[in-house]
Amino acid sequence: MSRGRFEAWTPAIGAIAFVALWWTVYRLRLIDPVLLPSPEDSLRAIWSGFVGGALLHDFLVTVRRTLLAFAIAVAISVPLGIVLGSSPKLYRGCEFVIDFFRSTPTSALFPLFLVILGVGEATKIAVAAFGASLLILFNTAYGVMNARKTRQAAAKAMGASPGRVMVEVTLLESLPQTFVGMRAGVSFALVIVIVAEMFIGSTDGLGQRVINAQAVFNMPEMYATIFGAGVLGYTLNLLFIVIERNFVHWGGK
Amino acid sequence: MSRGRFEAWTPAIGAIAFVALWWTVYRLRLIDPVLLPSPEDSLRAIWSGFVGGALLHDFLVTVRRTLLAFAIAVAISVPLGIVLGSSPKLYRGCEFVIDFFRSTPTSALFPLFLVILGVGEATKIAVAAFGASLLILFNTAYGVMNARKTRQAAAKAMGASPGRVMVEVTLLESLPQTFVGMRAGVSFALVIVIVAEMFIGSTDGLGQRVINAQAVFNMPEMYATIFGAGVLGYTLNLLFIVIERNFVHWGGK
Amino acid sequence: QDKVKMGLFIASSAMPYFIAKERGYFAAENLDVEGIPIANHPLIVQALVKGDIDTASNLISLEGANINVLRPGTANYFSINCQNTTWRLEAFMVSAKNTTIKTLKDLKGQRIMCAPGPGNLFVAKGVLKKIGLEDGRDYTMQEQQMSNHIGAMQSGQFEVAYSLEPVVSMLEHRGIARRIESGVIATHLLGRPDACAVLAGGVMSDRFVKERPVVAERLARAWAKALKDGNEDPTARDLLNKHMNVAAEIAQTVPLSRYFMVRDLTPQQIADFQKLTDLAVEGGVVKSKIDVRTFLKRF
Amino acid sequence: MSVRAPAAHPASDTPAGADRPHITIRGLSKRFGEHALYTDFDLDLPKAQITSVFGPNGCGKSTMINMVAGLVPKDAGTVLFDGKPIEQTVIGYVFQNYREALFPWKRALDNITYPLRLAGKSSAQCAARAEEVIQAFDIKFDLHRYPYELSGGQQQLISIMRALAPHPEVLFLDEPFSALDYEMTLFMRDKLQDAFRATRTTTVLVSHDLEEAVYLADQILLLTRPPTRIAEIVPFRAPRPRHPETLTSEDFVDVKARCLDVFQREVRKK
Amino acid sequence: MSVRAPAAHPASDTPAGADRPHITIRGLSKRFGEHALYTDFDLDLPKAQITSVFGPNGCGKSTMINMVAGLVPKDAGTVLFDGKPIEQTVIGYVFQNYREALFPWKRALDNITYPLRLAGKSSAQCAARAEEVIQAFDIKFDLHRYPYELSGGQQQLISIMRALAPHPEVLFLDEPFSALDYEMTLFMRDKLQDAFRATRTTTVLVSHDLEEAVYLADQILLLTRPPTRIAEIVPFRAPRPRHPETLTSEDFVDVKARCLDVFQREVRKK
Ligand SMILES: Nc1ncnc2c1ncn2[C@@H]1O[C@H](COP(=O)(O)OP(=O)(O)OP(=O)(O)O)[C@@H](O)[C@H]1O
Ligand SMILES: Nc1ncnc2c1ncn2[C@@H]1O[C@H](COP(=O)(O)OP(=O)(O)OP(=O)(O)O)[C@@H](O)[C@H]1O
Ligand SMILES: [Mg+2]
Ligand SMILES: [Mg+2]
């Protein structure tokens, strides 16, 4: 196997090791098999769920909600993060609200969101967008604050307007950190969408599926769904890894 | 008011604006007061809770759990993050597992944790430590990967062993990002502790208080507790802001 | 067709909604009822207050009483689910491996897992108190989410549980645990094994009843038909697994509560409801004393 | 091809508008902690001339031109360019730490055209101007690489080209040749002189190479150790274009000796 | 006080062990993308001598010493120090981008003593050695500041002092005086020579100042443009200590002219 090929496979190693560990725990009966089913059973449940179409549908619903929430979050919080990050004083002013909401469980805020937005689809997306926004905002702002100032000064010297400096320099300068924020954000959006599907109530989505499987004590199905959520999260992250690797080529240089 | 004094007050502005907004919404009856109590009522509930001691006790219990979970998370994931970040190939290998679990709602993993660790105190702390670890690990590793390599080369040239390079250079080089991770981590640990208190059998803690208040529809009490949690989260973050400001003086220079 | 939004708490007690929907009882009344699943009762209450939903199929009576104290008229019960030793929805369970515990009195010295929420805790503790066992002194009790009951029992983390259907049936069916006693609320708190312990029921908001009285009436008519099927027609159980998260293995045997339209309640049953509510007030889980008749709505 | 501006002053080899101040610095003050670097510092920089700034390490050369260019906040004082504030002035700036001033996300070529894009030039105009500058500086290495793929000297070259590309009104050069090789340094000095002759851009050059400082300058600004004051301003009026022979001219040797004298006196002072 | 090592070779002004190779480079290859920088490059660097490396920008000077010092991976080839690998050798290294090589979390003084701490020296020893170096270099500015609070030249000085502090066996200097002022450059040259005379540390000096390169060197390594080869190695055997007068000696002028000749021939080659 060539080295290049090997490198393409490294990401799979983690997944394989993870399933192997699961399988070992199962085989050694370290955990009662009623509580932790075998990976085979779970994978079979995934397979039949996807073929049957029910899991596929829930999966797609959750993907849609997550991406929507994430897109809203990015659109709001990357620009805001750059503005706040450029003015540490302003950021300190908002810090309370950001940290406050970052530190409050979203599930505890569901009542508030429901009050404001009602019980529809909007709430699930809004609450996920809100949660993800905070993370992205926080990371972007920090990326900007910790970015070296020379390049911004250079652009300023060349006569770039403050707006252009922000977009063309500050944004890019903070991009490695912003990517960290976006990856954290997309995972978080997914988590909240699922939690909302679990705790607000829903007729579809992976979260609803988890809670239903749990209610009827169908452990293979439950773990299959959780596994599906995890893989979805990893895939979304993978997207960013690929974009980042091709785009932020200068990180660490 | 001197400028220095004014600066010390900026963080409070956010808090004041937040409460003002709440109060306005309440005053204008934009939301039925049964669902959103007045800030006064909530603050009164906080006050009487603290004076009566019940809220204070729950508060301290949650603080204890959070700090314990956070300490465990830092102890595990900062070193691990540095090691993984130093070897991007290794990191790619583990990325699946990290992103997988970052993208799975912790509450969906409760059953698994309960099976492994039982229903005791340990589970709540472990599950929070686990969640916070992932965030800190992820941020630290990225901090290391995106850190410029010249200083590490310099230390290496001076004959520093790989271990010392990691501790004395790489760690410090990635510290601004690690701090971002730690702040994200401490908030997240708090969130999970509260969620665990809500959903894993608990007799105390802010989470249990929230859910009980909600069950009997005692909204002032519920929002008072959530507010307490948010303020706690902000305070923990504040600690880091202060440490960071005094310690990471070179950020952005 | 008139549109009605109905909050659903997905559990077997939401069965009338699914019966009415599937069997066309709503349609027959020219109603378009949209079922909105809401995962916990306080959120159902919120939605009622805000007007996001007009009605709910199965709101816990404790929540109902509480919100009616705070904001009279929010949740008007028009149907009631009764449970007792015949219609057995809750039970004290003991691990199948344990052979010594036979009656509630044997629970002395045990760690007990309890269905979540202050209401369940209050009931479980109240029952044991009647038996003569004191919390903290004779036993300890910890709430657990229902979804954890089977796991915690199976893995031996708890030997004893105060649990609710359908978990109770599942525990029995799988041979994980056996019943010590069921219908304890009726027997011990209300004093008669055949008392009507009201845990939940269908509600309508004041606004809905006032603004659309005719629609409300038609809804009640459809509902009454559904209740009848639920009480008498075993084939209705097919819906349990399909819509209400009841495992197929027990869907045909799991006990169900008995549904009554409020107009069909006997004075005794209303008195039972009042007594349970009063006890809840004493126990601190309902804010203040309230006459249940103020929120019972006959159609 | 020369680095000549399309629409510049007519080239002339006697300083046009000589000694008419272009940049006026008044009451400039700057402190770092307890150390006062500048206190109430006044300076006029003449239009259409090259002013070399010469002074010991840490005397505040970089800080001064940073403040003049509006990149570092002043504690007090005003700086005007022909009476206008910095915002209305097109400047070119070569940073002492040229490595951190290039944009690593842009290729070398795009770094050079960035100020042109800022000025709203079209792609074609940018490409044309870039080609002009590349020709003028006779660049042979691959400009499609990213800055971090270039050697130190190459990066510095890009930095200089970027500063010159938009035909600035004022040019600030902070040790612009420090990383260039022997040949390139000589070459760049002459190119800079050519550009200056063509455009008469007011230029401020910080250099530690006295020969270079004098060779290029119309006047040499000598600074003291901090707290920094003007030690002396030495004019050097040799006609342009100056050649390697200028280096041996009597005038040059005199001026250089005078500068060195003042510098050493100031540096060795207590 | 001198920068003399406590336990060094006896000072002698004729190269000790002259021409005995200390660093042997064999079959070194390095490419960046399609550009081959070095292919099968061999070089011996003699012990206890100063080798100046002189070559055009981008010819691979930094890359070479980085590879020799083990900081940049080689594509192929071996580098040995007295037969030992780099890991067993104490080296001092001054980076071309000195700004990014200092530790901003340590004060200037602690930056200087860092390699001593690495070698396991006590605080007292560190302080003593730091004092020695500070005295030797006659440093007057505040060493309790952080690197980012220092001017470019001051940072470079710290970088040099840090490299010299641990009495390295081999010293790599990549344009170490590029940011120093006129006086300081002259001063540092002499200090470097003093240190060398005292310790006979094998030294590799990259410099774009030919005068400096020759003045300090025992031999000058001239490199071609990439693909990089050795153009010539020119020895310069003037006795040490060398003085400003050395600069006018016939030998010096000859060697310098020879180097310039080779350099220009190479640079101008197609
Ligand atoms: N951020 C800062 N905090 C404290 N002191 C500073 C800071 N920046 C610069 N200084 C000090 O101000 C003085 C002037 O610095 P500056 O960089 O302007 O010097 P310079 O004349 O450009 O020197 P060089 O020739 O070495 O580049 C120096 O003594 C330096 O230590
Ligand atoms: N990471 C990289 N990717 C691609 N090319 C590179 C990279 N690093 C260096 N190069 C190229 O390798 C060549 C040698 O670079 P190096 O920095 O060693 O030159 P140098 O001799 O030190 O030049 P200078 O005198 O300007 O410092 C240059 O042409 C440069 O463009
Ligand atoms: Mg400077
Ligand atoms: Mg170099």
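No lab work stands behind these numbers, since they all come straight from the coordinates. Everything quoted here is computed from the prediction, not taken from an experiment. Virtual Cβ from ideal backbone geometry, glycine too; neighbours counted across all protein chains shown.
A few points about this structure:
- With label points set 7 Å from Cα along Cα→Cβ, the inter-copy distances at D:PRO85 are 6.1 nm, sorted shortest first.
- Neighbour-count order for C:CYS196, C:CYS114, fewest beta carbons within 10 angstrom listed first: C:CYS114, C:CYS196
- Size of electric dipole in chain E: Cβ of Lys, Arg +1 and of Asp, Glu -1, about Cα centre, debye, nearest 20: 560 debye
- Peptide ranges C:126-139, C:265-278 listed from the most packed, as the mean C-beta count within 10 angstrom indicates: C:265-278, C:126-139
- Cα→Cβ-extended label distance, 7 Å offset, between C:ALA271 and D:VAL253, nm: 12.9 nm
- Shielding by partners - mean other protein chain Cβ count within 10 Å, residues of C:140-153: 6
- Per-copy distances of the E:GLN135 label point, shortest first, in nm (7 angstrom along Cα→Cβ): 6.2
- Spin-label pair A:VAL242/B:LYS89, simplified geometry with 7 Å Cα→Cβ offset, distance in nm: 2.3 nm
- Using a Gaussian network model of chain E in which every pair of alpha carbons under 10 angstrom is joined by a spring, one finds that among E:ALA119, E:ALA101, E:ALA198 the greatest mean-square fluctuation is at E:ALA119.
- Counting neighbouring Cβ atoms within 10 Å and putting the fewest first, the residues D:GLU232, C:GLU282, A:GLU173 line up as C:GLU282, D:GLU232, A:GLU173.
- Rotation relating E and D, chain D residue nearest the axis via C-beta, angstrom: D:SER178, 2
- Note: relative contact order over chain C, using C-alpha pairs below 8 Å and six or more positions apart, is 29 percent.
- Bridgeable aspartates and glutamates around C:LYS102 (alpha carbons under 13 Å apart, same-chain partners fewer than 8 residues away excluded): C:GLU159, C:GLU181.
- Calculated FRET value between E:LEU80 and E:ASP261, using beta carbons and R₀ = 45 Å, to 0.05: 0.85
- Cα gyration tensor category, rounded, prolate or oblate, for the stretch C:92-160 with a/c compared to 1.5: oblate
- Using a 7 Å Cα-to-Cβ projection, E:GLU232 label spacings across copies, nm, ascending: 4.1
- The residue list D:GLY58, C:HIS243, A:GLY14 was ranked by how far each Cα lies along the charge dipole of the protein assembly as shown toward its positive end, using unit charges on Cβ atoms, and C:HIS243 comes out on top.
- Set B:LYS156/E:LYS74; B:LYS156/E:LYS106; B:LYS149/E:LYS47; A:LYS149/E:LYS74; C:LYS50/C:LYS125; B:LYS149/E:LYS61 screened for pairs whose C-alpha atoms are more than 27 Å apart: B:LYS149/E:LYS47; A:LYS149/E:LYS74; C:LYS50/C:LYS125
- Computed 3J(HN,Hα) for the stretch E:253-258, one whole-Hz value per residue from the Karplus formula 6.51 cos²θ - 1.76 cosθ + 1.60 where θ = phi - 60°, is 4, 4, 4, 4, 4, 4, glycine and proline marked x.
- Checking Cβ-Cβ separations below 4.7 Å across the protein assembly as shown identifies A:CYS94, B:CYS94, C:CYS114, D:CYS59, D:CYS126, D:CYS259, E:CYS59, E:CYS126, E:CYS259 as cysteines lacking any candidate disulfide partner.
- Applying the Karplus relation 6.51 cos²θ - 1.76 cosθ + 1.60 with θ = phi - 60° to the stretch E:116-132 yields 3J(HN,Hα) values of 5, 4, 4, 7, x, 6, 6, 4, 5, 4, 4, 4, 5, 5, 4, 4, 4 Hz, where x marks Gly and Pro.
- Listed residue (B:THR24, B:SER48, B:ILE72) projecting farthest to the positive dipole end of chain B, Cβ model: B:ILE72
- Relative contact order (%) - criterion: Cα under 8 Å, at least six apart; region: the stretch A:54-247: 30 percent
- Pairwise FRET efficiency - D:ARG26 versus D:SER123, Cβ, R0 = 51 Å, nearest 0.05: 0.75
- For the stretch C:55-112 versus the stretch B:18-63, the inter-centroid distance based on Cα atoms is 30 Å.
- In this rough spin-label picture, where each label sits 7 Å from Cα along the Cβ direction, the B:LEU109-A:ARG29 distance is 2.8 nm.
- Order of A:THR178, C:THR85, B:THR170 under a 10 Å beta carbon neighbour criterion, fewest first: C:THR85, B:THR170, A:THR178
- Springs join every pair of Cα atoms under 10 Å in this Gaussian network model of chain B, and among B:LEU175, B:LEU117, B:LEU84 the largest mean-square fluctuation is at B:LEU117.
- Whole-Hz Karplus values for the stretch D:163-177 come out as 5, 7, 3, x, 6, x, 7, 10, 10, 10, 10, 9, 6, x, 10 Hz, taken residue by residue from phi with 6.51 cos²θ - 1.76 cosθ + 1.60 and θ = phi - 60°; glycine and proline positions read x.
- Mean-square fluctuations from a GNM of chain C, with a 10 angstrom spring cutoff on Cα atoms, peak among C:ASN30, C:ASN68, C:ASN98 at C:ASN98.
- Positive end of the dipole of chain D (Cβ unit charges, origin at the Cα centre): among D:GLN135, D:THR89, D:LEU45, the Cα lying farthest that way belongs to D:THR89.
- For the stretch B:210-253, the residues whose backbone nitrogen is under 20 Å from a point 7 Å from the Cα of B:LEU60, taken along Cα to Cβ, are B:210, B:225-226, B:228-233, B:235-236.
- Cβ-Cβ FRET estimate between C:ASP135 and C:LYS102, R0 fixed at 25 Å, reported to 0.05: 0.70
- The stretch C:46-117: trypsin sites (Lys or Arg not before Pro) in DSSP coil with no more than 13 other Cβ atoms inside 10 Å: C:LYS97, C:LYS102
- Counting, for every residue in C:7-19, the Cβ atoms of other protein chains within 10 Å of its Cβ and taking the mean gives 1.
- Debye, to nearest 20: dipole size of the stretch C:248-299, +1 on Lys, Arg Cβ, -1 on Asp, Glu Cβ: 300 debye
- Cα centre as origin, Lys/Arg/Asp/Glu Cβ charges: the stretch B:54-247 dipole, Debye: 760 debye
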